[in-house]
């Protein structure tokens, strides 16, 4: 009886990552807003988006009135449109529909992907937080999500995280699925390269840009250098 293929042929552990990366577009930058912002954040956003390529911007506002979310989104959406950056609203599929955003990002307790698709239609991007779970990612893909997000890969002060995936999760996903994946959680210009090499389609950052000591534009420029390399 012949040996199983995986036993007969020694596999290079880096092959999956290289194969996944070579057959997908280059990794891109996904910005998420800091907390506590309002309509006057438009100037900071404009400076950041003008400093280098950005694929998407997510507005994440917690525990604020709906009118504040509306006013902030209405101030920031034209900035994103001017730079051809997708505007994603966190959590609220109802406000995403009302405002006509490019997408919505759902946490595990923020609603069902199928429900969001029925409400928002076929052209709105739907992302799902999957923590460190292959099962949750598979479920999101089967439900019709447009991307899955894994993290937190590093310590982060943005929000509490009890999950700590390793880069091989990205390699597993990108070898298995064409659905884009986002690496989130404490990502900086210094620690992003292993995530990119492992197969991340997007790196999502907050403090690496908005808390950069030289300003948001410098943060985007530093990440653009890493992504270009």
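What follows is calculated from the coordinates using simple rules that are stated; it is not laboratory data. Fair warning: this is a prediction, and the values are worked out from it, not measured in the lab. With ideal geometry, Cβ positions are generated from the backbone for all residues, glycine too; neighbour counts draw on all protein chains shown.
Comparing 58, 28, 178 in a Gaussian network model of the chain (Cα springs below 10 Å), the most mobile by mean-square fluctuation is 178.
Arrange 97, 62 by Cβ neighbour counts within 10 Å, fewest through most, would you? Don't skip to the answer; put the middle values down first.
Values: 97 16, 62 10.
Taking fewest neighbouring Cβ atoms as first place, the list is 62, 97.
Contact order, relative form, for region 108-229: 18 percent (alpha carbon pairs under 8 Å, 6 or more residues apart, mean separation divided by residue count). Centroid-to-centroid, using Cα positions, region 55-95 and region 118-141 are 19 Å apart. Panel order for 203, 126, by other beta carbons found within 10 Å of each beta carbon, from fewest to most: 126, 203. When the chain is treated as a GNM with alpha-carbon contacts under 10 Å, the residue of 81, 197, 149 showing the greatest mean-square fluctuation is 81. Normalising the average separation of contacting C-alpha pairs (under 8 angstrom, six or more residues apart) by the number of residues puts the relative contact order of region 25-64 at 64 percent.
Taking every C-alpha pair closer than 8 Å and separated by at least 6 residues, the mean separation divided by the residue count of the chain gives a relative contact order of 22 percent. A helix-only calculation puts the chain at -11500 deg cm²/dmol for mean residue ellipticity at 222 nm, using -39500 (n - 2.57) for each DSSP H run of at least four residues, averaged over all residues. Cβ-to-Cβ counts within 10 Å put 177, 33 in ascending order as 177, 33, the fewest first.
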